[in-house]
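The values are calculated or read from the model by the stated rules, or taken from the named source; none is laboratory data. Model, not experiment: these values are computed from the prediction. Here the Cβ is made from the backbone with ideal geometry for all residues, glycine too, and neighbour counts use every protein chain on show.
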């Protein structure tokens, strides 16, 4: 049986309908390029279909990349009031993202969440967000507009194994952040001010979220290793799911 590159589902950004037009799915090329450079094949999935459809889809792919995006509509989640500075994610897209995460978890897919994607993983596990930085942490450093700051990785984590370093500079584009990752996720990196920068699920082969944007750094850097780790985990998952070779007499 010939090997094939792992197929990685990549979530896209959804432009809200305007002037009578239907919503449109868009994807920044850098996410697809990062998957390709890591040895995977990206597949963009629109926010349509039932939970059963999602599970059928995810049973035929090898990994999931949750990309960056807009802010969470907290009222839609039943978690209080959305901050006035938020740019709300298109409602059906937000709903679909939560179903996608649940389906990926159910079928055991390797998952990497970036920025909004990391926050999504935490909210899906019952976690909580800081809705607006630096207002929610007065005096803290900026994290929006391609801000660069150092991050300390927790030794012994899957993230540390993937990156191969214990400390590295990261590029950030966010004003929301994780306050509490939820009971099922552990913190695997923080910045110098203690802000949660990465999470992962203990006991899962590959279920990692990072608050920064690794796709904005060179593929030759430790950030590129993170995508290669996702693709490698997806390749192992694909191999594990293959039917056994028939025994020859």
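The table for this structure:
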quantity	calculated
Test: residue in the range 75-82 that is farther than 14 Å from residue 16 by Cβ and assigned to a helix (DSSP H, G or I)	yes
Matching option when the condition is within 23 Å of residue 36 (Cα to Cα) and either modelled with pLDDT of 95 or more or not in a strand (DSSP E or B) (or both), among 189, 232, 184	232
Residues of the range 5-26 satisfying the condition of being more than 14 Å from the chain's Cα centre (by Cα) and not in a strand (DSSP E or B)	5, 6, 16, 17, 18, 19, 20, 21, 22, 23
Among (1) surrounded by 15 or more Cβ atoms within 10 Å (Cβ to Cβ); (2) in a loop (DSSP other than H, G, I, E, B); (3) in contact with a strand residue (DSSP E or B) (Cβ under 8 Å, 6 or more places away or on another chain), the one test that residue 197 misses	(2)
Top-ranked residue in the range 205-229 [being out of contact with any helix residue (DSSP H, G or I) (no Cβ under 8 Å at 6 or more places or on another chain) and modelled with pLDDT under 95; ranked as surrounded by the fewest Cβ atoms within 10 Å (Cβ to Cβ)]	220
Residue check for residue 39: in contact with a helix residue (DSSP H, G or I) (Cβ under 9 Å, 6 or more places away or on another chain), farther than 21 Å from residue 175 by Cα, modelled with pLDDT of 90 or more and not in a helix (DSSP H, G or I)	yes
Search result, residues across the range 46-72 that are touching a residue at least 40 places away in the same chain (Cβ under 8 Å) and not in a loop (DSSP other than H, G, I, E, B)	51, 54, 55, 57, 58, 63, 64, 65, 66, 71
Residue in the range 81-88 that is crowded, with 19+ Cβ neighbours inside 10 Å, out of contact with any strand residue (DSSP E or B) (no Cβ under 6 Å at 6 or more places or on another chain), at pLDDT below 95 and on the phi < 0 side of the Ramachandran plot present	no
Leading residue by the ranking (farthest from residue 138 (Cα to Cα)) among those in the range 179-194 that are more than 14 Å from the chain's Cα centre (by Cα) and buried (at least 20 other Cβ atoms within 10 Å of the Cβ)	188
Some residue of the range 91-98 being more than 27 Å from residue 146 (Cβ to Cβ), modelled with pLDDT of 95 or more, in contact with a helix residue (DSSP H, G or I) (Cβ under 7 Å, 6 or more places away or on another chain) and part of a helix (DSSP H, G or I)	yes
Candidates 128, 160, 189, 124 - the one that is in contact with a strand residue (DSSP E or B) (Cβ under 7 Å, 6 or more places away or on another chain) and within 20 Å of residue 75 (Cα to Cα)	128
Sole residue being over 24 Å from residue 222 (Cβ atoms), in contact with a helix residue (DSSP H, G or I) (Cβ under 6 Å, 6 or more places away or on another chain) and at pLDDT below 95, chosen from 50, 59	59
